[in-house]
Every structure is written in C-alpha cells, then in structure tokens.
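Remarks on the structure that follows.
The values are calculated or read from the model by the stated rules, or taken from the named source; none is laboratory data. Nothing here was measured: the structure is a model prediction, and the numbers come from that model. Here Cβ is always computed from backbone atoms with ideal geometry, including for glycine, and neighbour counts include all displayed protein chains.
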Amino acid sequence: MVSIIRKQNVAKTKDHGTFLPVTSPVFTMAQEFDPAEMQQLELDDVEAVELSDRALDTDPFQVLLESADPQRLRFRLIEWLAQSPNRKVKSERKKKIAETLDITSRQVERLLNQYWEDKLLETGPSKRSDKGTHNRLGDYWPDYIRSVYEKSLKDKTPMKPADVVREVQRHAVIDLHHEEGDYPHQATVYRILKPLVERQKRKKKIRNPGSGSWLAVTTRDGKLLRADFSNQIIQCDHTKLDIRIVDEDGKLLRWRPWLTTAVDTFSSCLIGYHLWHKQPGSEEVALTLRHAILPKKYPPEYNLAKNWDIYGPPLQYFLPMVAKI
C-alpha cells in the first residue's frame, strides 16, 4: 500500500520538511490507495510529498548523539579508544570518533594524550555564580599568602609557590578548620604570588658595580631604573681594601684604606675613584664624582697603556646609603 495526498487537501505549511494535509477546521487524513487504483488518478490531481533526510531513518544513533552531554560523550569515546586491544582496532575507532565528533584524527590524538595525562575532564566545570566579580577571597587570604612568602624572604629561607600552597592548605584545615573548597585554589595562590616572585627574581639580577647582567638599579623605594646608554646612570660604592699601608719609616699603619668608585651602569666602566684612609662620607662621594666628571690628564711618567678619555656629567646618580649630600 502507498500513501498519497490529494492536491486539494494539502496546505502550504511545512513541519520538519514534510507537507501536512490540513483543512480548516478539521484535519483530513491521507487516503490509502492500491497500486492498481493509482493508474486511474489524474497526474494533475496528485502532488509529491517532501520528506526530510531522517524521515525514514530507523537508527536512533543521531538522536542519542544530539541529546548527550558533549563533555561526557567526548570523554567516553576517548576512554573507549584508550581501551583498544590492538593497532587495527585503535585505528578504526579513531576514524569513527573523528566522524562522530566532527574533528580531525590529529585532534583525536590530542584528546587521547590529555586522557593519558589525566587532563581530560569527564564533566565540564560548574559555572560559578560569582564569576567575573572581583575580590571573591576578601582581604584575608591574599594578605596571608603575601605575608607567608615575604616572611620566608625575610628569614632568608625563600619558599617556593608550591610550599606556600601547602602552607595555605595546612592553615585552612588545621588552624581554621575549613573544609576543602573553602580556601584558595592553588591556581589562585600562584596568581597572587606571581608579581612577588617576579620581583624577587628581578632583584637577584639587578646589577651592582662590576657584577650582574641587567643594566638597571633599584632605588630605596623599590623603583627600577634602567640604563639605555652610557653616562645615563652612575653608581657610587665604597670598599674597604684588604691591604695595609706602610709609612715613610717602614712602620705598618693600623688602618686600611677605603676606595670609593664611580661606575657607569650601562657599560660597567670605571669612570672615577677616590682613595682615603678613613671611612668615606659625603665629601668622599663628592670628590669621586668630581674625578668622574672632569677630564683625566696624567703625565707620561704614569705609563698608561691608553688615555682615560671618559668624562662628563651623568643624568642620574645612584649613591650609597652613607652618602647624604
């Protein structure tokens, strides 16, 4: 038996790709005809029925696929792939998974690698109601995390971020009796510590006269000064020399000399110095800067290998704590 619809009973409405026979106010059902009777129908009195691609589908796979949770479905398929007993089965399963998820085989391999590394989640992360808002932790936990790290630096036993995470967990569970989830996640701890750790690394790389790799100095208030060219920043420093002085009579003096140097931050070149027998102060710093700024003229008996053609006032001075000019 074949079901057809007479033209005069077909309305112009469409539902899922199929024309529905409608008469107002009562629906008219399609009539059934025997194949022998169909020859008696006039062609103008019959209109073809438009069907969707899935109208005659008997496989519920597509319906199940559309109604499944995408995250869980992806996890189950990759888990199924990981359980392949041999390469042939794995290759066939990979193709089927790529077709099912509408992705490439390379993407399937990436998902499989995430599965082996325990990075593939079976369920998606729950959406937080406070997502996008600021200061979810309040002031207590950020202040506590910073204080723990800064105290370790002060005690000269710097803690790693992972150590701070464990300390936060211990403090929350043991001291505050919090449940899991009531204290900052390790990613939050890392985010809070990141600027502190970077600042500490930068301090280790800051150049002192004659050492270091960064062309920069740090002021007393923590400001970073970068040198981009010579004679931009001059650093002054004092050193008590490990030598002894003998007078004209050959008597060994009890004191040791002090050397005050002026060094160009950009080139690490010595541009001036002052030698004195007492602990230097502002006068010694002024004399050192005077020697650095003025042209150096030495007589031939000094036997210099090259002329010391370095002079001129710098743009900035970086002075030690002792210098109060």
Residues being surrounded by 10 or more Cβ atoms within 10 Å (Cβ to Cβ) and not in a strand (DSSP E or B): count how many of those fall in the stretch 229-262. 11
I want to confirm something. Restricting to the stretch 288-320 and keeping residues that are free of Cβ contacts under 8 Å to residues at least 24 places away in the same chain and outside any loop (DSSP other than H, G, I, E, B), which single residue is surrounded by the most Cβ atoms within 10 Å (Cβ to Cβ)? ILE293
Based on this model, can you work out whether THR265 counts as surrounded by 17 or more Cβ atoms within 10 Å (Cβ to Cβ), over 30 Å from LEU196 (Cβ atoms) and either touching a helix residue (DSSP H, G or I) at 6+ places or on another chain (Cβ under 9 Å) or touching a residue at least 40 places away in the same chain (Cβ under 8 Å) (or both)? no
Tell me, yes or no, whether the stretch 300-313 has at least one residue that is outside the structural domain of ARG199 (by TED's automatic domain parsing), touching a Phe, Trp or Tyr at 6+ places or on another chain (Cβ under 8 Å) and not polar (S, T, N, Q). yes
Hey, could you check the stretch 200-227 for residues that are closer than 21 Å to LEU153 by Cβ and surrounded by 14 or more Cβ atoms within 10 Å (Cβ to Cβ) and say which is modelled with the lowest pLDDT? GLY212
So which residues in the stretch 290-314 are within 49 Å of the chain's Cα centre (by Cα) and either among the small types (Gly, Ala, Ser) or at pLDDT below 85 (or both), if there are any at all? ALA292, GLY312
Quick one: in the stretch 133-156, of everything that is outside any helix (DSSP H, G or I) and closer than 21 Å to GLN186 by Cβ, which residue is modelled with the highest pLDDT? ASP139
